[in-house]
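*Asks:* Pasting a structure here, questions to come.
Just so it is clear, none of the values below were taken in a lab; they were calculated from the coordinates. Just so we're clear, the structure is a prediction, and the values are computed from it rather than from any experiment. Ideal geometry is used to build each Cβ from the backbone, glycine not excepted, and the neighbour counts take in all protein chains shown.
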Amino acid sequence: MNDDPQLAPLDTGSAAPGPTPVIVYLSGRRRGSSERLTDATVNIVREGHNGVRVAPAAPDGNEDMPARLHRAGKGYELEVLPEHQVWVNAEPARTRMLTSGDVLEIGRNGPMLRYRVYTDGHVPPRGVADAFRDCVDSARFDRGHVVRRTGVLLGGMTAEFLIRTTLWFRLGVLAALVLLVASTLYLVVENRQLAERLARNEAQMLAISAILEQTQSEAIRHEDLANLRDTLESHLSTAVERVGALEERFGASARVIAMAGESVIFLQGTYGYRDADSGRPLRYVGLGPDGEPLRTPMGGPAVTLGGDGPVVEIEFTGTAFAVTADGLLLTNRHVALPWETDERAALDGLGLEPAVMRFLGYRPGVADSFEVMLVSASDDSDLALLRCGELARGLAPLVPGTRVPAPGEEVIVLGYPTGIRAMLARTDTAFLDSLREDQALDFWSVVAHLARAGHIRPIATRGIVGQLTPSAVVYDAETTHGGSGGPVITLRGEVIAVNAAILPEFGGSNMGVPIARARALLEGAGPGGS
């Protein structure tokens, strides 16, 4: 038997045929080494703080010897000495015939040994599989609590990994651990980014639902038609009466309105959103049995960047007027690019790009519409230049003024305030009945009905210039949402500004962009725009 105190693996050289008992050290500084049992009696002797060794029986009584092994036939029998404790497979023992595979624990939570018998006399080297099996059994038969047993398992496996494996195997495992840690960190980052994207998407969907909810609330419905005329007439009656008084009292004003009104265009369009990376358009998740979009748990329309539902379209209207004979129209930037100032469309930072989907214009008194496209938009003024289709060519351009109006000067504002509803308010009962009968009240159909019936004409309101600055003309002519982009005209028939905004904080005053600011856009449009 090998009693060399140095740690050394079992000599696996030639052995006599027959059963070969072996002790395998499962803990302590001899961990991983093995010794053959050949003597009739073998002592199990404590070694150091938490180790043991097997040694031949000797008369020296100074050794701390918890137990002995006695040969019995082809194996060994365990004898535990008085005042000592030994557990075999987690069961206390005093004397016990050992069988191959038994795990001995010397003292409470003490060092462990495995007794193994090789029947053919050949003792193979202790491989990685045996080493890890020993670690598992050490933890399984340990009588401590779960935390201790877990520590035994992990500590044993780490030690075996360092002792029993080759350098290349250890390097491979280390590389795998590094890869595992890196993958875990990557997944943590990805999970965090996914959570952030989900939060952004949720905010995005809520914002878009709010936009679409307001857009749908502004749509014309059958139940609205019965009361629409009375409601809108009460809102616009003052303006209509003032126009009538203006035309009766001032012949020059009536001529200006008649002349300029033919060149003031009603604009109708929709825009949508698409994903900035994939280009996929924003769509409704689907439509319900009533043809309305399916709703989210929050109550708004459910939208998505996937699927094949209807594409989301946000409606807008505005006013423009002819500035050249070859089809250039002038309007506000916020009319041509409505998402920039539309409070409903505040979706900055949500990864979506807006784009006009359809843009039409209507001439007063003409049934057919024409396509409109953006030519350019000013970066320092609320102005934009549009080009219209062939059906609108030949419009008489309005004359840009060359002088600065004086405070107190009278002006006329032409446009389509309140959009579709204002035009419906000026129709008659027969027309409203025809709409109800046709069952066509969508955004495009209602305007097409108005055009065919000759009801598309701008509203004219009169006011007084109150204040002038290099960037604004302020006046008190009555107008409202939808009138943006219309011309502000003097009684001489000259355009001095483009109607841009309502200033309720100044007693209902309105603000227009001086026409001089449009010259750069017109010059940039080429020969036809100069």
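*Asks:* Just to verify a number: FRET efficiency for Asp442 and Met259, C-beta to C-beta distance, R0 = 45 Å, to 0.05?
*Replies:* So the FRET efficiency works out to roughly 0.85.
*Asks:* Given the Cα-Cα distance of Arg280 and Arg192 and 0.36 nm per residue of separation, how much length would full extension add, in nm?
*Replies:* 29.2 nm
*Asks:* Same structure, new question: If you stretched the chain out fully between Asp368 and Thr38, how much longer would it get, using 0.36 nm times the residue separation minus the C-alpha to C-alpha distance?
*Replies:* Separation in residues times 0.36 nm, less the Cα-Cα distance, equals 107.6 nm.
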